[in-house]
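Notes follow the structure.
Here, each number is a calculation from the coordinates, and none is a lab measurement. Source: prediction; values computed, not measured. Heads up, the Cβs are rebuilt from the backbone with ideal geometry, glycines too, and the neighbour counts pull from every protein chain shown.
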Amino acid sequence: MLVKSALRSNICRLLTVVMLVTLLSMFSCREKYTPRPMGYLRFQFPEHTYQPVSYSFLSFEKPDYMVYTEKRSPKGEHWFNLSYPHYGIEIHYSYKPVKGNLKQLTEDVHYFVYKHTIKSSGIDEFLILYPEKRVYGILYRIRGDVASNIQFVVTDSTKHFLRGSLYINSRPNEDSLAPIIDFAKHDIEHMLKTLQWN
């Protein structure tokens, strides 16, 4: 009995040693793991080319690769989107006539922009001044992982008021979306530079 028990104990020890050696040899043959930096997609953007468009209330140069969609809007207002279908980007525009309510309209824009401060890491403001065309406003570049990284407002301060917001149909991640945001910002700046009230 004693012999059987000692034999059984030795066999268990031997099996344990064999299994440990087998496991160690399986994992020791691999290269040492090195963490890799996170990578992002590379985007191929089209060349910036524009065509003039005109509506009853304003005209500007629109990128050739953007698609215009009219949206349902309250009477007297005009809502439309310009989208980059390939990148899932939409720029929402809302035009409103100024009827003694310029202060309220600008306060609304300020509210919508600064609503992002909870998630943003900063908000840069760029003045838009084209006095020869009576186009005045602000372009906001909202930093961080927010829903809308670019918003803007332009007005002639007496009749016309246009607000715009850039939205990307993707989870907010400023690092990976930075090339798309910069590409769209270039087009928005060109549109604002060529904007004229009708």
Checking E132, E90, E107 against a Gaussian network model of the chain (alpha-carbon springs below 10 Å), the top fluctuating residue turns out to be E132
Answer in debye to the nearest 20: the dipole magnitude of the stretch 55-122 about its Cα centre, from +1 Lys/Arg and -1 Asp/Glu charges placed on Cβ, is 300
With DSSP loop assignment and no more than 15 other C-beta atoms within 10 Å, the trypsin sites (Lys or Arg not before Pro) in the stretch 123-190 are R134, K159
Taking a label point 7 Å from the Cα of R171 along Cα-to-Cβ, the residues of the stretch 65-94 whose backbone nitrogen sits under 15 Å from it are none
Here the stretch 183-197 yields Karplus 3J(HN,Hα) values (6.51, -1.76, 1.60; θ = phi - 60°; whole Hz; Gly and Pro given as x) of 4, 5, 4, 4, 5, 5, 4, 5, 4, 5, 5, 9, 5, 9, 7
GNM of the chain, Cα pairs under 10 angstrom: of S56, S157, S176, the biggest fluctuation goes to S56
Across 5 Å bins beginning at 0, the whole-percent shares of Cα-Cα pair distances in the stretch 50-197 come to 2, 9, 19, 23, 22, 15, 8, 2, 0
Looking only at lysines whose Cα falls under 16 Å of K62's and that sit 8 or more positions away or on another chain, we get K185, K193
